[in-house]
Amino acid sequence: MMRALVLNAVFNIYFSGTFVADTEKHLLSIIELGGYPDFTAMYQRLGYQVEKVHQMRKAMSYLKKIRPDVVVAEFNFQSDFRDRTSSLESMLATVQFLKLDSRIVVFFEKEYSSQFQRLHVTYPDLIAMPFPIDEVALEAALKGEQA
């Protein structure tokens, strides 16, 4: 039965020349430490289907399956890393490798501004948001506007 449905869909696409793409907007929320408000209601109000993960490894796996329109993540400085400032760099490298066109919003602690700026120089398209998060600015960033 399932095979018949798939074949029918392929037949319709091939002969009609139309392809119905996934029109839902996807947002990946990576919450490693948290400690700030849950913005899920805002994300959903803006029309995003939200996926939350709590480990960077799971986030990178998700990126390979579903190409989110927006990724919201935390910058958590880790001084014990030899060649990186945080696990966020691994995720950003994955985004770059997969050539994703996702908007990346990064929350960071002001006390780690200098460490974050080193990362921001390498990835200048990041939308940086210091704690406490300004909800109006976050909403503008998610809409692709400047606050």
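Which of the residues that make up the range 102-147 are modelled with pLDDT under 90 and farther than 16 Å from PHE75 by Cβ?
Correct list: GLY144, GLU145, GLN146, ALA147.
Would you tally the residues in the range 48-65 being loosely packed, with under 13 Cβ neighbours inside 10 Å and touching an Asp or Glu at 6+ places or on another chain (Cβ under 8 Å)?
Residues in the range 48-65 being loosely packed, with under 13 Cβ neighbours inside 10 Å and touching an Asp or Glu at 6+ places or on another chain (Cβ under 8 Å): 2 in total.
Output the residue which, of all residues in the range 109-147 that are acidic (Asp, Glu) and assigned to a helix (DSSP H, G or I), is surrounded by the most Cβ atoms within 10 Å (Cβ to Cβ).
GLU139
Please state which one of ILE127, ILE66, ILE104 is within 16 Å of the chain's Cα centre (by Cα) and more than 18 Å from GLY144 (Cβ to Cβ).
Values: ILE127 fails: more than 18 Å from GLY144 (Cβ to Cβ); ILE104 fails: more than 18 Å from GLY144 (Cβ to Cβ).
Sole residue among the options that is within 16 Å of the chain's Cα centre (by Cα) and more than 18 Å from GLY144 (Cβ to Cβ): ILE66.
Of the residues VAL106, VAL95, which is assigned to a strand (DSSP E or B) and under 19 Å from HIS26 (Cα atoms)?
After applying the criteria, what remains is VAL106.
The values are calculated or read from the model by the stated rules, or taken from the named source; none is laboratory data. Computed from a predicted model, the values in this text were never measured in an experiment. So basically every Cβ, Gly included, is an ideal-geometry build from the backbone, and we count neighbours across all protein chains shown.
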